[in-house]
Amino acid sequence: MLPLGTDRITRKTPTTITIVALNVFVFLVISLGLNARSATAAEIEAFGVFYPGFRTLLSHPWTLVTYAFLHDPSSLSHVAFNMLFLWIFGRAVEDRLGSIWFAVFYLSGAIVAALGEWLVDPAPMIGASGAIAAATGAFAALCPRSRVRVLFFFSIIEIPGIALVLIFVGLDLFGQLGKSASGPSTHGGVAYSAHLFGYAFGIISMLILLGTGVLRRTEFDLFFLLKQWKRRREMRAAVSNQAASPWVSDAARVSATAKATVERDRNVDAPPRRVLSDADAKRELHDAGARWSRGEFSSAASAWTRFAQRFPSHPDADGAMLLAAMTYARKLNDPVRAREFAQKLIDRVPSATKEILDQSTALLNEVAGNQST
């Protein structure tokens, strides 16, 4: 499965561009400008390759980083695939972290990957795949619902980012188990352990930054996705057993109001109105999410808006309005409607939750910043 791109809209990403350029430059110098068996090439290898061992680590500590800028000079695919992955996933992560902090994160990922490979399967290391695995793991934590275009056999499909990363993790885990079962090899090979440690570093570090508030939470990160899964479980429980539902008080109020309306309409010989239930709410939320996942952003925003209007007392009403506002701002380039919905949430009486208010305020600032640039 070869990733080709994502639906993330990124701004300037100078760090990713610089890292890609350095890797390509070093590869071309060694593979084309020098004879791979020359003394100069050997000196570059001695300077940059990471050789596991405490003595080497003390005498050549820079190799924990420099190895990630070297690739097999006889294999164009080695550097090409690594740079493709970095270009696709690294830019999205840099867009969230900022250029300087992404550089720190990337180099830290290279170090963690090297130490992980040393711990599990010590062997000389070259290649950026460990650091790129860290960037890929970070992408899964920051943009799990982003759609990734993938070349699968002879067709192009789209799958959620977190699903693709889980597939990569599974393949590397399977590869490492096979490598461990076959015993140590002196012929090199794929550094599966470096990949796995890189994924873990990327995911865990981003979760820590999001959980502690160092990195601003969004409606696209892994925490938000987990929160949605929890709500869906609760809503399914509400449909199957309304007495145990956390939304039972709201459902009771809706049902009582609806029954009173039906009785009133019957008194004037009018046809009864349809009672809205938790099942209706669940269907509308699912429909909006399905439209968004298919890239139907305009209809998804309309569906979320309709949900908030039909179910104003539902616990997810404010969240639906916020999702509509963010979709208008980030997918539909409609800052006017985004500002309108965000302002409604801020002015809402009674007030929305602190989380909703904070995200609405951040969205207003984001829209204002985008218009001023």
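The values are calculated or read from the model by the stated rules, or taken from the named source; none is laboratory data. As the structure is a prediction and not an experimental result, all values here were calculated from the model. Cβ placement follows ideal geometry from the backbone for every residue including glycine, while neighbour counts extend to all protein chains displayed.
Suppose we keep only residues that are of a type in the set (S, T, N, Q) and closer than 21 Å to residue 291 by Cα within region 313-346. Which one would you say is surrounded by the fewest Cβ atoms within 10 Å (Cβ to Cβ)?
Top of the filtered list is 333.
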**OP:** Please enumerate the residues belonging to region 347-365 that are surrounded by fewer than 17 Cβ atoms within 10 Å (Cβ to Cβ), among the aliphatic types (A, V, I, L, M) and not in a helix (DSSP H, G or I).
**Re:** 349
**OP:** Any chance you could count how many residues in region 147-179 are in a strand (DSSP E or B), in contact (Cβ under 8 Å) with a residue 60 or more places away in the chain and of a type in the set (Val, Ile, Thr)?
**Re:** 3
Original post:
Can you find even one residue in region 344-353 that is under 26 Å from the mean Cα position of the chain (by Cα) and modelled with pLDDT under 85?
Top reply: yes
Subject >> Among the residues listed as 22, 57, 115, 86, the single one being over 30 Å from the mean Cα position of the chain (by Cα), of a type in the set (A, V, I, L, M) and part of a helix (DSSP H, G or I) >> reply: 57
Original post:
Is one or more of the residues making up region 190-209 among the aliphatic types (A, V, I, L, M), touching a Lys or Arg at 6+ places or on another chain (Cβ under 9 Å) and either under 20 Å from residue 23 (Cβ atoms) or not assigned by TED's automatic domain parsing to the domain that holds residue 82 (or both)?
Top reply: yes
Original post:
Only one residue in 76, 86, 58, 97 is free of Cβ contacts under 8 Å to residues at least 60 places away in the same chain and either under 18 Å from residue 190 (Cα atoms) or surrounded by 19 or more Cβ atoms within 10 Å (Cβ to Cβ) (or both), so which one is that?
Top reply: 76
**OP:** Say whether the condition of being in contact with a Pro (Cβ under 6 Å, 6 or more places away or on another chain) and either part of a helix (DSSP H, G or I) or under 22 Å from residue 229 (Cβ atoms) (or both) is met by at least one residue in region 287-299.
**Re:** no
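Would you pick out the residues in region 319-337 that are under 23 Å from the mean Cα position of the chain (by Cα) and part of a helix (DSSP H, G or I)?
Those that are under 23 Å from the mean Cα position of the chain (by Cα) and part of a helix (DSSP H, G or I): 319, 320, 321, 322, 323, 324, 325, 326, 327, 328, 329, 330.
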